[in-house]
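Data first, discussion second: the structure below is written as structure tokens.
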Amino acid sequence: MPKQVILDVDVGIDDALAILLALRSPELKLRAVTAVSGNVHVDKTSVNALKVLEVAGVSDVPVAKGLSKPLVRQLVTAERFHGVDGLGDTALPPPKLTLDKRHATDLIIQEVEASKKKEITLIATGPLTNIAASIIRSPEISEKVDQLIIMGGAYGVTPYGFGNQTPAAEFNIYVDPEAAGIVFRSGIHLTAVGLDVTTNPSAVLDSKLYSEISSTNTPVAKFISKITQRWITQWGTITIHDPMAVALCVDRTLFKTDRFHVDVETTGELTLGQTVTDRRFWLEEEYREKPNVNVCIDVEGQRFLNLFMGRLVLR
């Protein structure tokens, strides 16, 4: 029986890849896509999600637009990396598909409330604004969903576990740290795929794999080649953060995890958005905070790449 998934995204190049991986994975049933501001404004991320569905030939997955800015802050975006349009400045034509009339938080709450307990998995690959707002409106979500998998944070549990937006903070958490704090403290069953594993050199697409993608004559491969071209041109490799969150839902054995207590810094001058991970294993039990996050501490990079290429390119 496929896992029932709602994907919350700020489409973004690697978010687009995450949507495609979810659609191409028979282990998952994508029930809905919700969009949030992050890499670019939600007016663009929501339309980008529709474009991705059209590339995949899918018309029966609702896409709902969510919050346009963080809960209490001004929006920080990432056009520098994702382009003004969010998809590598590829100037793709407007989609024929249209957005669901519901707000993203309404869609999330309605889908979860209508489901059986522990039936739905939420996967969030952008700032956690929509997820936090849904929990504020309907706290029972935290108990009813099976789990929430996020691509977000840097936990200091591998040599790669440091920030990318700042030395301390990963982009998705930095954009809306208050939302992340609400989610992390909500009691939801939370698994974090952070920079500790997504930037592991064994799991990045190199020029050889990009060449395989660009030489594959399918609509999906052509789309992937087009939107990632600026990354391979500029950096020589492609770090595909967001598909890892989907891959974990598809095959948990790709990753090793450990449980930690994690909170989010919301007031620090130098550490805003840091996911503060308590690694003090020597601390007496009575003084330890209860672990609240399954943190990914390792990834089998080659197996992940095999999954990614096999599902999206070599078909």
### Task
Could you please let me know if residue 30 is closer than 28 Å to residue 234 by Cβ and surrounded by 20 or more Cβ atoms within 10 Å (Cβ to Cβ)?
no
### Residue tally, condition acidic (Asp, Glu) and in a loop (DSSP other than H, G, I, E, B), over segment 106-148
3
#### Entry: Subset of segment 113-131 that is among the hydrophobic types (A, V, I, L, M, F, W, C) and in contact (Cβ under 8 Å) with a residue 40 or more places away in the chain - its residue that is farthest from residue 32 (Cα to Cα)
128
### Message
Consider segment 221-233. How many of its residues are more than 24 Å from residue 300 (Cβ to Cβ) and either more than 23 Å from the chain's Cα centre (by Cα) or crowded, with 20+ Cβ neighbours inside 10 Å (or both)?
### Response
3
#### Entry: Among (1) of a type in the set (Gly, Ala, Ser); (2) part of a loop (DSSP other than H, G, I, E, B); (3) in contact with a Leu (Cβ under 9 Å, 6 or more places away or on another chain), the one test that residue 156 misses
(3)
### Query
Which one is farthest from residue 119 (Cα to Cα), of the residues in segment 165-184 that are assigned to a loop (DSSP other than H, G, I, E, B) and under 15 Å from the mean Cα position of the chain (by Cα)?
170
### Task
Evaluate the following for residue 125: is it buried (at least 24 other Cβ atoms within 10 Å of the Cβ), closer than 23 Å to residue 297 by Cα, hydroxyl-bearing (Ser, Thr, Tyr) and within 13 Å of the chain's Cα centre (by Cα)?
yes
### Message
Which residue is surrounded by the most Cβ atoms within 10 Å (Cβ to Cβ), if the candidates are limited to segment 279-309 and must be touching a Leu at 6+ places or on another chain (Cβ under 9 Å) and hydrophobic (A, V, I, L, M, F, W, C)?
### Response
296
### Query
Which one of the conditions (1) within 27 Å of residue 74 (Cβ to Cβ); (2) in contact (Cβ under 8 Å) with a residue 60 or more places away in the chain; (3) not aliphatic (A, V, I, L, M) does residue 134 fail to meet, given that it meets all the rest?
(2)
### Task
List every residue pair whose Cβ atoms sit under 6 Å apart, with the two residues 6 or more apart in sequence or on different chains, where the first one lies in segment 70-92 and is of a type outside the set (Asp, Glu) and the second, anywhere, is surrounded by fewer than 19 Cβ atoms within 10 Å (Cβ to Cβ).
71/178; 72/178; 75/69; 83/89; 88/230; 90/226
### Selection within segment 185-202 - surrounded by fewer than 24 Cβ atoms within 10 Å (Cβ to Cβ) and either among the polar types (S, T, N, Q) or part of a helix (DSSP H, G or I) (or both)
186, 191, 199, 200, 201, 202
### Query
Out of the residues in segment 251-275 that are surrounded by fewer than 18 Cβ atoms within 10 Å (Cβ to Cβ) and within 20 Å of the chain's Cα centre (by Cα), which is farthest from residue 26 (Cα to Cα)?
263
#### Entry: The one condition in (1) modelled with pLDDT of 95 or more; (2) more than 26 Å from residue 238 (Cα to Cα) that residue 279 fails to fulfil
(1)
### Task
Would you check which residues across segment 206-239 are closer than 25 Å to residue 275 by Cβ and touching a residue at least 40 places away in the same chain (Cβ under 8 Å) and list them?
231, 239
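Yes/no per residue for (1) acidic (Asp, Glu); (2) touching a helix residue (DSSP H, G or I) at 6+ places or on another chain (Cβ under 7 Å):
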| residue | (1), (2) |
| --- | --- |
| 47 | no, no |
| 58 | no, yes |
| 96 | no, yes |
| 103 | no, no |
| 120 | no, yes |
| 124 | no, yes |
| 129 | no, yes |
| 137 | no, yes |
| 143 | yes, no |
### Query
Taking segment 57-70 on its own, how many of its residues are buried (at least 18 other Cβ atoms within 10 Å of the Cβ), assigned to a loop (DSSP other than H, G, I, E, B) and either among the hydrophobic types (A, V, I, L, M, F, W, C) or modelled with pLDDT under 95 (or both)?
2
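The values are calculated or read from the model by the stated rules, or taken from the named source; none is laboratory data. Treat the numbers as computed from the prediction; the structure is a model and nothing was measured. Every residue, glycine as well, gets a Cβ built from its backbone with ideal geometry; the counts of neighbours run over all protein chains shown.
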